[in-house]
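Okay, structure first, notes after.
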Amino acid sequence: MSKILVITYHDMAVGYKLAGLDVVEVKEGDDFSGILTSVLKMDDIGILAVEDTILDKIPGHIMKRLGKMTLPLIVPISTPSEWKGGKRGESYIERLIRRAVGYQIKIKGSL
């Protein structure tokens, strides 16, 4: 049976754990590519939810390889910038839309 795994920062991990999900906690300075590669070797993962700021730090050649995989399904998750204390940058979803459509679309959200 496939399961859901979340890769996120320590601050957000507690909520996912309370929801009953398996979590891999990371911190700034970790080798995100290595962590992601090791997680992808697990054969029971159906959905891999990854904090979008972590995906932003994955090299392009690895992201291309991920885009060709059927399982696990990689789902970017975004923590509201107010919770992270940082300014919101371009998200993974915005980059996917730009690549698919061919030009930048500004996505506005209200939190």
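Readers should treat all values here as calculations from the given coordinates under stated rules, not as data from a laboratory. The structure presented is a predicted model; accordingly, all values stated were derived computationally and were not measured. Backbone-built Cβ (ideal geometry, glycine too); neighbour counts: all protein chains shown.
Give all pairs with beta carbons closer than 7 Å in which a residue from region 42-61 that is farther than 15 Å from ILE7 by Cβ meets a residue that is part of a strand (DSSP E or B); count only pairs at least 6 apart in sequence or on separate chains.
ASP44/LYS3
Could you run through region 36-70 and say how many residues are closer than 18 Å to ALA13 by Cβ and more than 12 Å from the chain's Cα centre (by Cα)?
Within region 36-70, the subset closer than 18 Å to ALA13 by Cβ is 36, 38-39, 42, 45, 47-55, 57.
Remaining after also requiring more than 12 Å from the chain's Cα centre (by Cα): 38-39, 42, 45.
Matching residues across region 36-70 total 4.
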